[in-house]
Structure formats: C-alpha cells, structure tokens
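Worksheet: one structure, shown below.
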Amino acid sequence: MNIAKPLITLGLLVALAACGGTTERFTVRAPAITEKTSIAFASVEVRDVSLPTYAAAEEISLQMADGSLISSSDVLWADAPERAVALELSQNLARMTGRRVASEPWPFEAFPDARLEVRFAEFVATETGQFRASGQYFVAVPDDGRERSGLFDLSVPFNGEGGINAIATARGQLVLNLARFIAQNGLK
C-alpha cells in the first residue's frame with residue numbers, strides 16, 4: 001500500500017477541518033512569467049469567468065477519491081473566486097503578451113479587439129495532490145472577425161504536506177497555464 005496518498009489526504013483534511021473556529025483567508029500569488037507570447041489582438045477583455053458552484057464559493061474545497069467535496073467555513077479564499085480568477089487570467093495575459101488586457105468591466109474608451117469568456121466545468125484541488133481545471137473558452141471578435149472556442153483540461157501537482165498554501169500556489173500556476181494555453185490556442 002502506498003503510504004504517501006493517505007498522508008497527503010490526512011494533511012489536507014487536518015488543514016481544512018482543524019482550524020478550530022478561527023477563519024483563515026488565503027491569497028493566490030501570481031507565479032513568475034518566464035516567457036512572452038504574441039497574440040493577434042492589441043486588446044482583449046476577459047469578459048466572464050464562470051466557475052462551478054463549489055468553486056465560486058469562498059470555502060476552499062478538496063475533492064475526495066469518491067468525488068465528494070469537503071470544505072470548511074474556517075478556510076476561505078481571500079477574494080471572491082470568480083472575480084479573482086478573472087483578474088489573475090487578465091493580468092497573466094497582459095504580462096505574457098504585453099497587450100492591453102483587462103477584466104470586465106472594460107475600463108477603456110475604445111472597445112477591445114476581442115472578448116474572452118471562460119466557463120469551467122471543474123476547478124478543484126484533489127486529495128491526490130492535483131489542482132484540476134477543465135472547461136471551455138470562447139473568443140468573440142467584432143466586425144466579422146474569426147471567432148473561436150476550445151476545450152481545456154489542465155492540472156498542476158502540489159504537495160499535500162504544504163496544506164492550503166500549496167493548494168493556493170497550485171491554483172495560481174494553473175491559471176497561468178490556462179492563460180498560456182488560451183493565448184497560444186485561442187488568441188493567435
């Protein structure tokens with residue numbers, strides 16, 4: 001029997017459930033961007049990010065092997081997840097492309113060249129030490145431009161012994177990986 005898996009699960013469960021009534025909030029720090037990529041648009045609006053109900057909640061959830069989700073009202077994200085993921089995605093795209101990218105509402109007078117929507121089917125940390133995301137993105141382009149969409153299925157490993165901070169780091173890396181994926185597959 002592999003002893004590592006039960007230790008990861010135990011460490012995460014303890015971190016989620018044993019906070020003893022003290023609410024802790026966890027931030028997601030932006031990972032370093034080491035490469036630049038070009039896109040076909042000078043400006044992009046991240047118009048909408050849609051998360052599953054469990055992922056849109058403040059509580060940090062952990063998916064067990066049987067598919068059930070556990071969470072604690074004592075362990076929360078520091079920001080509303082849909083807002084935070086939209087900001088992370090737009091900031092990552094802006095930093096990696098050097099283009100004008102902002103989340104909704106669009107803050108500039110001139111309309112964006114493209115609008116991006118992301119609909120997540122899955123966005124969760126698992127007891128096996130993976131932060132997983134799957135779903136679909138849509139790129140709307142005005143003036144009869146070539147609109148596009150695509151599916152994504154990504155995961156980032158994390159060390160369960162690192163607790164919630166490891167989950168937050170993995171989430172940040174996953175959103176960066178998604179930004180890279182969309183830039184390369186949907187914004188070219």
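The values are calculated or read from the model by the stated rules, or taken from the named source; none is laboratory data. Note that the structure is predicted; figures quoted are calculated from it, not measured. Here the Cβ positions follow ideal geometry from the backbone for every residue, glycine too, while neighbour counts run over all protein chains shown. Ligands, DNA and RNA are excluded from the accessible area calculation, which covers all protein heavy atoms including side chains. Shrake-Rupley method; radii C 1.70, N 1.55, O 1.52, S 1.80 Å.
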Inset, instruction - Taking the options ASP144, ASP153, name whichever one is open to solvent by 50 Å² or more (accessible area, probe 1.4 Å), without any contact (Cβ under 8 Å) to a residue 12 or more places away in the chain and of a type in the set (Asp, Glu). - result: ASP144
Inset, instruction - With the condition kept exactly as written, say whether any residue in region 50-60 is in contact with a strand residue (DSSP E or B) (Cβ under 9 Å, 6 or more places away or on another chain), open to solvent by less than 30 Å² (accessible area, probe 1.4 Å) and assigned to a strand (DSSP E or B). - result: no
Legend entry - Search result, residues across region 23-39 that are touching a Leu at 6+ places or on another chain (Cβ under 6 Å) and either surrounded by 15 or more Cβ atoms within 10 Å (Cβ to Cβ) or within 27 Å of PHE138 (Cβ to Cβ) (or both): PRO31, ILE39
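Within region 156-179, which residues are over 12 Å from the mean Cα position of the chain (by Cα) and surrounded by 17 or more Cβ atoms within 10 Å (Cβ to Cβ)?
Across region 156-179, the qualifying residues are PHE158, GLY160, GLY162, GLY163, ILE164, ALA166.
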Legend entry - region 62-71: number of residues that are buried (at least 20 other Cβ atoms within 10 Å of the Cβ) and in a loop (DSSP other than H, G, I, E, B): 0
Inset, instruction - Kindly indicate whether any position in region 121-128 is surrounded by 19 or more Cβ atoms within 10 Å (Cβ to Cβ), of a type in the set (Phe, Trp, Tyr) and over 23 Å from GLU24 (Cβ atoms). - result: no
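Conditions (1) within 17 Å of SER61 (Cα to Cα); (2) in a strand (DSSP E or B); (3) at pLDDT below 95, marked per residue:
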position: ASP79; (1), (2), (3): yes, no, no
position: ALA84; (1), (2), (3): yes, no, no
position: ARG146; (1), (2), (3): no, no, yes
position: LEU151; (1), (2), (3): no, yes, no
position: GLN173; (1), (2), (3): no, no, no
position: PHE181; (1), (2), (3): no, no, no
Inset, instruction - Restrict the check to region 23-38 and report whether at least one residue is at pLDDT below 90 and over 20 Å from the mean Cα position of the chain (by Cα). - result: yes
